[in-house]
Every structure is written in structure tokens, then in C-alpha cells.
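Single-structure report; data block below.
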Amino acid sequence: MNDPVLVINCGSSSIKYALVPTTANQPRLTGLVERLGSSDARLKGVDSRGDVFTSDLGDVGHVQALKAILEGLEGHRPSAVGHRIVHGGERFTRATLIDDDVVAAIEQTSALAPLHNPANLQGIAATRSLFPALPQVAVFDTAFHQSLPPRAYRYALPESLYRDHGIRRYGFHGTSHACVSARADALSGLPGGGWLTAHLGNGCSTAAVWEGRSLDTSMGLTPLEGLVMGTRSGDVDPGLHAHLARHLGWSLERIDEVLNRESGLLGLSGLTNDMRELEAAADKGHAGATLAIEVFCYRIAKSLAALSCALPRLDGIVFTGGIGENSPRVRRQVVDLLPHFGVELEHNANLATVRGREARIDTQTPNRPVLWVIPTDEEGRIADETRKLLGDTPR
Ligand code: ADP
């Protein structure tokens, strides 16, 4: 199979795509259709020369949006489609070839991801109607974390809530944690190392990976648990919901909205969820921005320290995601809180990282945990898993 794989990440109002070629030296065509469902949907993509193009699509549905995406692929035709699916519940522990039964199972899991799985399914329906002959593969955000042992995935709740309603910790960002921990193994010459991975973007999560398997992670039943994120609170006292309902009269919808969309870096700073803007404001003495970055970093360090309990041996920490890859300040503030790990940041290397490149940022002292910055490549990993499932050699 020498043809590229089309990777689709379908949201309710957007479709992100990447046409991933078989070899890394061929250009990858990427882009997104945004504002689906409105009268002014728009395709924005990058062509093989690296130039950005846009095209107004008007009032289109998912099928027409995909047709527009195909027209922007410069005549390339995919040999398979890989779909990013947010929630695979307990059934899906690996990438899976999509058929009617798999679609029904993803539908059944929608209660656990009501915002994401129905939108992912729209993408599957559209691509199946457009490419009835092409193999389609579902790659789940939760699948990599299905190796968590019960002590890590169970909440201390009545057993029936787990047994009858699937209430447990699932974890997300699995494709990213799998991708960067595998790269850390390869870069360090340590097949099956013990890694703490920190995916820090708008959504943020940590994972403990040992011998290529996730043993614990910071997100839980939903992607709200764990770290402070752009607009999500991360961990709060579980008594908070009842307190807000009783004392402020807030509805469940209001509580959900505040914790998911008005909290995190945005809520703490009162300014923005964008780390670049927060760093600039903190440099000018903005107290809210300074506090937001401090809480953000402290909670990452605390989560890494907690997750280290899952690892028989700690070989190193991997930073990834928009913030993890690009913010020397956040990396320094996190590592400064972990002297008991024996990690030593090499400050010049930390400052000199280049966007999109892998870098080692510790002092390279023997017998100390390593610090890596590794750009995540979720689309590449989804394409690789799709090829592997179809019996082809990944890139
Ligand atoms: P998403 O989770 O939506 O994919 P990204 O992984 O792109 O998000 O991460 C977005 C975050 O990365 C934003 O907070 C943005 O400010 C931050 N970021 C990007 N570049 C930098 C930079 N040079 N310095 C600090 N933060 C950055």
C-alpha cells in the first residue's frame, strides 16, 4: 500500500484532515473545514508547497465538506481512511476496522462522550458514503489507556456504578502519549523505558508509560479530570458541584459550562486561555497571569510526582503539545518543582529548542532521568496504526 492515508478528525462544526504519505520526506497535505452547520463554512488548507489556501463553501454538510477536502488533495487518492474517535469505552483496546457493528458500538459509547462521539460518527458516515470501497479504521483516544490496572482506573464508588454504567477512569490523548513515549524509547535507546509524558495543549494530560503500556493517566471518566487546562478546571473537590447547586442555586448545565469553558488558565488569569499571551502579560507584571502559570505548573509537577508511583523505574519526562513543545518557561517551572526526581534542566538547551524539532534538555548526567521535548504527531500515529491494521508497514 503505497498510497497515502487520509486521517479525519471530525467535530460537530469542523473536520480536520491530513493526507499522510508513506514516507516522511513527502509533503503532508493538512487543513480543516470550519463553521460547518453555519452559512459560511470555510476550507483552509496547506498545499504541497507549504502555501495556505482558503475556499468559502457556504452552507454545506459533512459529505460536501469532504468532497471539498478531496478536491484540495492535488489529485492524490487515499488508500484508506483513519478516523480519530474520542471514546472507545472498554471494548476498543486498539485500532479497529470499521463496519456496521463497530459503528453501533461507538454509538453505544456516546453517553460517555456526548459532545465528541456523535460528531466522530458523522465523519464516519460521510466518508463511508463517499468511499464505499476504501477500508476505514477507527483509532481511539482512550485505547492506549486500556492497559491501566484496576487500581488506577477504578473510582472509590459503589461497584454497581462501574458494573452497570461504565463509570471508571478511561483517560484521553492516548494517541499522543503513545506517540511520544515510543519516540522517547527510540531516541534514548531504551526499548520499554519508564516515561512520564506531559501533553500540554489547550487540553492537558499526563501519563505514566512502562514498556510501551500506559499504567496511569491524569484524565478520567471525562477529559475534565486532572491538570489545569486552557478553559477546563481539572481536579476540583468532588463536593464543589453540590456546594454550587445548594449555595448559589446553579444548575448542572451551568456548573458544567463553568468548569469546562470558563475555568483553567482563563478563569485563573481573568485574561485569556492562551499561554503565549499569559507569558507576555506575566512579564509585564499581571498578577492574574503570573498566578495562572504558577498554578498550571504546580499542578503538572504534582501530577507527574503522583504518576511516578505507577512506574517501576523512571527513565525520564517527555514534554509535548503546543505548550510543552514551545514554552521553555513552563518546562523550567515544572522541572524546578521536581528536584527529588534527580532531574537537572540544562537551561541553554531548554531555551534553544526549535518549533517542530525533538530536543534533549537535561544536563545529560549519567544515571539521572532524561528530559525530552518531543513534538507529538497524532495524525502520523493514526496513519501508522491504520496501515499496521491493514497489514502494511508503517512509515
Ligand atoms: P490543542 O490542544 O488545541 O491542539 P495546542 O497543542 O496547539 O492546542 O496548544 C495550544 C497552546 O499552546 C496555547 O495555549 C498556545 O498559547 C500554546 N503555545 C503555542 N506556542 C507557544 C509558545 N511559543 N510559547 C508558549 N505557549 C505556546
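Which residues, taken from region 280-296, are surrounded by fewer than 18 Cβ atoms within 10 Å (Cβ to Cβ) and within 13 Å of the ligand (Cβ to nearest atom)?
Correct list: ALA280, ASP283.
Taking strands (runs of 3 or more DSSP E) that fall entirely within region 171-237, which contain at least 2 residues that are charged (D, E, K, R)?
Details: elements: 194-200, 204-210, 213-217.
Hits in region 171-237: 213-217.
Under 6 Å between Cβ atoms, at least 6 apart or on separate chains: pull out the pairs that start in region 102-118 with a residue that is more than 17 Å from PHE172 (Cβ to Cβ) and open to solvent by less than 10 Å² (accessible area, probe 1.4 Å) and end on any residue that is among the polar types (S, T, N, Q) and not in a helix (DSSP H, G or I).
Going by the 6 Å Cβ cut-off, the qualifying pairs are VAL102/THR96.
Of all residues in region 269-279, which are outside any loop (DSSP other than H, G, I, E, B) and either surrounded by fewer than 21 Cβ atoms within 10 Å (Cβ to Cβ) or outside the structural domain of ARG332 (by TED's automatic domain parsing) (or both)? Outline the logic, then answer.
Taking region 269-279 first, the residues outside any loop (DSSP other than H, G, I, E, B) are 269, 275-279.
Answer for region 269-279, where residues must be outside any loop (DSSP other than H, G, I, E, B) and either surrounded by fewer than 21 Cβ atoms within 10 Å (Cβ to Cβ) or outside the structural domain of ARG332 (by TED's automatic domain parsing) (or both): ARG276, GLU277, GLU279.
Considering GLY220, GLY192, which residue is open to solvent by 10 Å² or more (accessible area, probe 1.4 Å) and either within 30 Å of HIS241 (Cα to Cα) or modelled with pLDDT under 95 (or both)? Write out each step before concluding.
Details: GLY220 fails: open to solvent by 10 Å² or more (accessible area, probe 1.4 Å).
After applying the criteria, what remains is GLY192.
Working only within region 324-352, note down all residues that are among the β-branched types (Val, Ile, Thr) and under 15 Å from TYR298 (Cα atoms). Steps first, please.
Of all residues in region 324-352, those among the β-branched types (Val, Ile, Thr) come to 330, 334-335, 343.
Selection gives VAL330, VAL334, VAL335.
Would you confirm, using the coordinates I've provided, whether GLY37 is open to solvent by less than 40 Å² (accessible area, probe 1.4 Å) and among the small types (Gly, Ala, Ser)? Don't jump to the end; show me each part of the working.
Numbers: open to solvent by less than 40 Å² (accessible area, probe 1.4 Å): no; among the small types (Gly, Ala, Ser): yes.
So GLY37 does not fit the description; no.
Which one of ALA152, ALA182, ALA198 is within 16 Å of the ligand (Cβ to nearest atom) and open to solvent by less than 50 Å² (accessible area, probe 1.4 Å)?
Numbers: ALA152 fails: within 16 Å of the ligand (Cβ to nearest atom); ALA182 fails: within 16 Å of the ligand (Cβ to nearest atom).
It is ALA198.
Quick one: count up the residues across region 317-347 that are on the phi > 0 side of the Ramachandran plot and either away from the ligand (no atom under 12 Å from the Cβ) or open to solvent by 20 Å² or more (accessible area, probe 1.4 Å) (or both).
Our first condition is that a residue be on the phi > 0 side of the Ramachandran plot; within region 317-347, this holds for 321, 342.
Of the ones still in play, those that are also either away from the ligand (no atom under 12 Å from the Cβ) or open to solvent by 20 Å² or more (accessible area, probe 1.4 Å) (or both) are 342.
Of the residues in region 317-347, 1 are on the phi > 0 side of the Ramachandran plot and either away from the ligand (no atom under 12 Å from the Cβ) or open to solvent by 20 Å² or more (accessible area, probe 1.4 Å) (or both).
Please go through region 131-165 and pick out each residue that is touching a strand residue (DSSP E or B) at 6+ places or on another chain (Cβ under 7 Å), of a type in the set (A, V, I, L, M) and in a loop (DSSP other than H, G, I, E, B).
LEU134, LEU148
Under the condition of being acidic (Asp, Glu) and in contact with a helix residue (DSSP H, G or I) (Cβ under 9 Å, 6 or more places away or on another chain), which residue from region 285-337 is farthest from GLY267 (Cα to Cα)? Let's see the steps before the verdict.
Of all residues in region 285-337, those acidic (Asp, Glu) come to 294, 315, 325, 336.
Keeping just the survivors that are in contact with a helix residue (DSSP H, G or I) (Cβ under 9 Å, 6 or more places away or on another chain) gives 294, 315, 336.
Numbers: GLU294: 14, ASP315: 35, ASP336: 25 Å.
Among them, the one singled out is ASP315.
Exactly one condition in (1) in a strand (DSSP E or B); (2) open to solvent by less than 60 Å² (accessible area, probe 1.4 Å); (3) over 21 Å from ARG381 (Cβ atoms) is false for ALA68; which is it?
Of everything listed in (1) in a strand (DSSP E or B); (2) open to solvent by less than 60 Å² (accessible area, probe 1.4 Å); (3) over 21 Å from ARG381 (Cβ atoms), ALA68 misses just condition (1).
The values are calculated or read from the model by the stated rules, or taken from the named source; none is laboratory data. These numbers were taken from a predicted model, which means no experiment stands behind them. Note that we place each Cβ from the backbone using ideal geometry, even for glycine, and neighbour counts take in every protein chain shown. Side chains are part of the model used for accessible areas, which takes the heavy atoms of the whole protein and leaves out ligands, DNA and RNA. Shrake-Rupley method; radii C 1.70, N 1.55, O 1.52, S 1.80 Å.
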